[in-house]
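Heads up, the thing below is written out as structure tokens.
No value in this document is a laboratory result; all are computed from the given coordinates. Not measured: the values here are computed from a predicted model. Note that each Cβ is placed from the backbone with ideal geometry, even for glycine, and that neighbours are counted across all protein chains shown.
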Amino acid sequence: MKRDDKGTKNVKFLGGFEREGYGMKDSFKLEDKKPSQKGEIFSIATRDVLTVPPTMSIIGTARTMEKHGFRRIPITDAGTDRVMGIVTTVDIVNLLGGGPKYNLVKNRYQGNLLAAVNGDVKELMEKEVVCVEESETIKDAAKIMIEKGIGGIPIIDKKVRIKGIITERDFVKLLINEADSFEDVLNKKIEEYMSKEVVSTHSTETLGAALRKMLENGFRRLPIVKDDLLIGLVTATTVMQFLGSGKVFEKLVTGDASEIYDLEIKNIMKTDIKTIGPDADMREAAKKINKNDIGGFPVLKDGMLVGIFTETDLLRAIFDVLKSA
């Protein structure tokens, strides 16, 4: 198979052990299919994937993500369906001041945020796309997602055409639907898997500084505290919604990106926060994540922030079972 086709040379093909609701899924039963069986990735993955072309604007892409509640969207060639890139909520965080992609605004568009977000999404998209082929296994996908620290992977055929996507949420649903097969994991306390070293910030920190803190620490959520008490939460999805909903433009006067970069984080933080206790079991956590359509929650003990629990933690627990199957 040629790996240097035009427009797809940066796609990374991963699979085996050498190496962010879309549509219809096949049914999956562990009693019928072994988790390591080749080609069963679509038993939990999504087949019908919404994509956008590289010529769509950045703001148009963000609006599409916000409308459909997506945390990632593949960028494909309109004529061939070949994967050319991917945009995630983290890329939006990066663009709005958190990282190197802010240079797109600062340098190419001389700080004009309005002009920048009306540019083609190909300027923002991640071109080094981690993909799996449709013959790979659920276990392969879980391993890659954990090792690469990504929440979803496009699924492609031999011609690099998009055929589906598999995300952390698909694994959460697997855990819930196949509870009997994951009984040992479901009965464990979340404190065994949660992140205990929590990076937080205060409500008057600037948006730019807060987003930079998220990227530098590799987090998709940042708790906002006051006197050690949780008062708000900002996630990568919050930032994407801030752009995709158009609320970002309500904060612009001159159009200069610094007006957003210097905005206090309290202007976009969520205050209606779903939380969980460290003694909750994995079953409760999985159901709350799925029911509330969120990627995770702050963990509170006696009102104090003691950790963060996410879909990634559930994925790690699931993989512990899959790799021993």
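Classify segment 60-153 as rounded, prolate or oblate from the Cα gyration tensor: take a ≥ b ≥ c as the square roots of its eigenvalues, call it rounded if a/c is under 1.5, otherwise prolate when a/b beats b/c and oblate if not.
In terms of gyration-tensor shape, prolate.
Which whole-number percentage describes the relative contact order of segment 184-310, with Cα contacts under 8 Å and a sequence gap of 6 or more?
Relative contact order comes out at 35 percent.
Counting other beta carbons within 10 Å of each residue's own, what order do LYS101, LYS274, LYS213, LYS196 fall into, fewest first?
Arranged by neighbour count, lowest to highest, LYS101, LYS274, LYS213, LYS196 become LYS196, LYS274, LYS213, LYS101.
Give the percent of DSSP beta bridges with both residues in segment 184-310 that are antiparallel, rounded to the nearest 5.
90
Mind giving me the nanometre distance, one decimal, between the label points for GLU123 and THR80, set 7 Å out from Cα along Cα→Cβ?
Computed distance between label sites GLU123 and THR80 equals 2.5 nm.
Hey, quick one: spin label on GLU216, modelled 7 Å out along Cα-Cβ, who in segment 90-117 has an amide N within reach, i.e. under 18 Å?
Those under the cut-off are 93-103.
Go through (1) 1.00; (2) 1.71; (3) 1.66 and flag the label whose value is the computed Cα Rg over 2.2 N^0.38 Å for this structure.
Recomputing Cα Rg over 2.2 N^0.38 Å here picks out (1).
Work out, step by step, the length gained on full extension between ASP281 and SER135: first 0.36 nm times the residue separation, then minus their alpha carbon distance; give nm to one decimal.
Numbers: separation 146, 0.36 × 146 = 52.56 nm, distance 3.37 nm.
Result: 49.2 nm gained on full extension.
Suppose each label sits 7 Å from its Cα in the direction of the beta carbon; what would the LYS148-ALA209 distance come out to in nanometres?
Each label point is offset 7 Å from its Cα along the Cβ direction, giving 3.5 nm.
Just from its helices, what would the mean residue ellipticity at 222 nm be for the chain, if runs of 4 or more DSSP H residues each count -39500 (n - 2.57) and the sum is divided by every residue, rounded to the nearest 500 deg cm²/dmol?
Using -39500 (n - 2.57) per qualifying helix, the result is -8000 deg cm²/dmol.
Using the 10 angstrom Cβ neighbour count as an exposure proxy, how do THR167, THR238, THR275 rank, fewest first?
Taking fewest neighbouring Cβ atoms as first place, the list is THR275, THR238, THR167.
Taking a threshold of 23 Å on the Cα-Cα distance, which of the pairs LYS101/LYS127; LYS148/LYS188; LYS143/LYS274 fall above it? Could you put the intermediate results ahead of the total?
Values: LYS101/LYS127 13 Å; LYS148/LYS188 25 Å; LYS143/LYS274 28 Å.
Among LYS101/LYS127; LYS148/LYS188; LYS143/LYS274, the Cα-Cα distance tops 23 Å for LYS148/LYS188; LYS143/LYS274.
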